[in-house]
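**Q** This is the structure I have questions about; it appears just below.
The values are calculated or read from the model by the stated rules, or taken from the named source; none is laboratory data. Bear in mind that the values here come from a model prediction, so they are computed numbers and not experimental data. All Cβ positions, glycine included, derive from the backbone under ideal geometry; neighbour counts span all protein chains shown. Just so you know, the surface numbers come from the protein's heavy atoms only, side chains and all, with ligands and any DNA or RNA stripped out. Shrake-Rupley method; radii C 1.70, N 1.55, O 1.52, S 1.80 Å.
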Amino acid sequence: MTLAKKAPSNKARKKSKEGRQLSVILAADVAEYSRLMAEDEARTLALLERARRKIDAQIASYGGRIANTAGDSIIAVFGGATDALECSIEIQKFLRRANKNYPPNKKLLFRIGLHMGETFSRGKDILGAGVNIAARIEGSTEPGAICMSEAFFSVADQSVIDMPVADRGKIALKNIATPIQAYEIMSARAQSRSVEFRHKKQINAQYRYLIVFGSALGVVVFAALFSWSVAYNLTRVSNMDEKDLVEEPTQHVPGYPMPVLPQGGYQ
């Protein structure tokens, strides 16, 4: 005899949903960390410790919370997208200054990915599809750059970005079923593609202006023509009524002779 599976209780369903929320997620890790560790472990760890002190303090100053850390990687959550964006920009600016005197193969560079999506908590850690997308976006960008999903970019205050932005289009990410629309700053791609991206935004704005202006002009013209048509028809009707009153013909009743005025009229 086959026993039917017992449906999960309301308590179990409630427990499975505990901690689920919409989160702003920052994912970061060191580019070529394994190579740097293999070449000079002590130096790499010292640079990482110095960088982490600054990064951790910066995240805290923008109201973020570090949830997951493993070696060189960081997952943090923020209360707002703009806070996460400004924090990320400041982190990358600091790291550029810290690395400016090092040769390219000795620089400790972080990649940063930003996304807004659903997460759930397990202790102090956060998990879920939102974290996975943030981490995959981060892995797709250049060392020293910041990559953002459209879900994040559309919510953040873009006025805080005083640098070129690259529209990367929809990018395929490992183990993510649907390609994600992404934007990038502080990268070589942003420098080369920013003009095209900004030009597209300008053209779209011009099209929107023309559509609004054309619609408004059409309404004005239609209203003017309608008013003229109403006034013209009313004038025609009024003139026709006056003509009928003045020039109404004499009606002849059958069987009666038509009256004939004497020559010269009545005296």
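**Q** Work out the charge dipole of segment 73-134 with +1 on the Cβ of Lys and Arg and -1 on the Cβ of Asp and Glu about the Cα centre, then indicate which of Ala84, Gly128, Asn101 is farthest towards its positive end.
**A** Asn101
**Q** At a 1.4 Å probe radius, which order do Arg97, Arg43, Arg52 fall into by accessible area, largest first? Working shown, then result.
**A** Working: Arg97 140, Arg43 65, Arg52 45 Å².
From most exposed to least exposed: Arg97, Arg43, Arg52.
**Q** Want the number for Arg20 to Lys106: 0.36 nm per residue separation, take away the alpha-carbon distance, what's left?
**A** Numbers: separation 86, 0.36 × 86 = 30.96 nm, distance 4.05 nm.
Roughly 26.9 nm would be gained on extension.
**Q** Could you report the accessible area of Glu90 in Å², rounded to 10, computed with a 1.4 Å probe on the protein chains as they sit in the structure?
**A** Accessible area, nearest 10 Å²: 70 Å².
**Q** Using alpha carbon centroids, what distance separates segment 107-126 and segment 134-182, in Å?
**A** That distance is 13 Å.
**Q** A follow-up question, please. For labels at Leu127 and Glu150 in the simple 7 Å Cα→Cβ model, what's the distance in nm?
**A** 3.0 nm
**Q** What distance in nm separates the simple spin-label points at Ala172 and Glu118, each placed 7 Å from Cα in the Cβ direction?
**A** 2.6 nm
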